[in-house]
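Reviewing the structure listed below.
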Amino acid sequence: MKRTALIAGITGIGGNHVARELIANGWDVIGLSRRPPRDLPHVQHIAADLLDPTALSKALESVMPTHVFITTWMRQDTEAENIRVNASLVRNLLDALSSKKSVRHVALVTGLKHYLGPFEAYASSGTLPDTPLRESQPRLPIENFYYAQEDEVYAAAERDRFTWTVHRPHTIIGLAVGNAMNLGTTLAVYASICKETGRVFQFPGSEAQWNGLSDVTDARMLAKQLVWAADTDAARNEAFNIVNGDFFRWSWLWPKLAEWFGVQPGGFTGTIQPLEAAMATDHALWREIAQRHNLIESDLDRLASAWHTDLDLGRPLEVMTDMANSRRLGFSAYQATDTSFFDLFERLRIERLIP
């Protein structure tokens, strides 16, 4: 039977890469986002607002997907608003498709905040989650929009009789422009600014992150697991962590990133030095760099999300992720993390997003 995927958030890091993986595996792909993707010519695009149920239903009236991949969220000022908005977008999408009875499987992409909670939860309480993070760990007794999104999927699955999977990446490394959480591209832009100005490529985070073990998720790994789970009966109705499969310390990786750009690395010096503050006055400089090197994106905020990079690298704990749940079911993909960064940097140069 022909498989048709509807990807909500196709212009984001996760959505873009899962579209590529699906197309490579012979799927028909429909992308849902406000703006069409610029680099996915084989995708049928639908423009719609996930928070407008009436307009969304109209936009999807002729669409009959067999699989739905939800890879998007909308950042709000409070967790209560995160819950209201991000639960609504999942509910509205699945409600719009409900009467068609075509959906066989829904995959929801969330993240490690499932285990960590909002940054403020452990930064202020001093209560640090156990690591490595495992899918079997219970929900935290605090507000979390990931839980609300999961509950919307579970309720719709019960109503419409489809299967589901939940995928929990760590920081995603991959190419996307205008993405709200983009550590890899943020560091590439920061390193490029350091090279242009002679600044030190200064690690902005905490001692725990500098010296502790960590992992990340290559967007290609996330895509592979999403497609694997959609094609694997044993994976139905399960939650899966998804990371590269290796561990690293930033004290090891940071100099390697600096060497790739030809800049001087600066390690942890005893205090956190937020990247958001370091780059706060670089908007005009980046426009000059973009003009001088004929880059296609001169808006610093469309490339760099320093605030999110600061949250990731400023954590007061090391973060490691266990992948036993998908490994025991046969998912065996692996990706070296330094190569994840180097591949991204090379692609950013090819796409003329960094000099």
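The values are calculated or read from the model by the stated rules, or taken from the named source; none is laboratory data. Keep in mind the model is a prediction, meaning the values are calculated, not measured. Heads up, the Cβs are rebuilt from the backbone with ideal geometry, glycines too, and the neighbour counts pull from every protein chain shown. Remember, those area values only see protein heavy atoms, side chains included, never the ligands or the DNA or RNA. Shrake-Rupley method; radii C 1.70, N 1.55, O 1.52, S 1.80 Å.
Things to note:
- Screening 178, 174 for residues that are surrounded by fewer than 24 Cβ atoms within 10 Å (Cβ to Cβ) and in contact (Cβ under 8 Å) with a residue 60 or more places away in the chain leaves exactly one candidate, 178.
- Qualifying positions in the stretch 50-86 - more than 22 Å from residue 110 (Cα to Cα) and among the hydroxyl-bearing types (Ser, Thr, Tyr): 54, 57, 62
- Pick from the stretch 85-107, criterion touching a residue at least 60 places away in the same chain (Cβ under 8 Å) and in contact with a helix residue (DSSP H, G or I) (Cβ under 6 Å, 6 or more places away or on another chain), ranking: farthest from residue 161 (Cα to Cα): 86
- Residue within the stretch 229-245 that is of a type outside the set (Asp, Glu), in a loop (DSSP other than H, G, I, E, B), at pLDDT 95 or above and in contact with a Cys (Cβ under 9 Å, 6 or more places away or on another chain) present: no
- Among the residues of the stretch 232-265, those identified as touching a residue at least 24 places away in the same chain (Cβ under 8 Å), open to solvent by 10 Å² or more (accessible area, probe 1.4 Å) and out of contact with any strand residue (DSSP E or B) (no Cβ under 8 Å at 6 or more places or on another chain) are 232, 234, 245, 246, 251, 256, 260, 262.
- Candidate set from the stretch 49-94 (those that are hydroxyl-bearing (Ser, Thr, Tyr) and within 18 Å of the chain's Cα centre (by Cα)); member that is surrounded by the most Cβ atoms within 10 Å (Cβ to Cβ): 71
- The stretch 213-231: number of residues that are open to solvent by 10 Å² or more (accessible area, probe 1.4 Å) and acidic (Asp, Glu): 1
- Some residue of the stretch 205-212 being in contact with a Pro (Cβ under 8 Å, 6 or more places away or on another chain) and either assigned to a helix (DSSP H, G or I) or surrounded by fewer than 24 Cβ atoms within 10 Å (Cβ to Cβ) (or both): yes
- Note on the stretch 321-355: among residues that are outside any helix (DSSP H, G or I) and basic (Lys, Arg), the one that is least open to solvent (accessible area, probe 1.4 Å) is 352.
- Residue in the stretch 8-22 that is touching a Pro at 6+ places or on another chain (Cβ under 7 Å), in contact (Cβ under 8 Å) with a residue 24 or more places away in the chain, open to solvent by 20 Å² or more (accessible area, probe 1.4 Å) and assigned to a loop (DSSP other than H, G, I, E, B) present: yes
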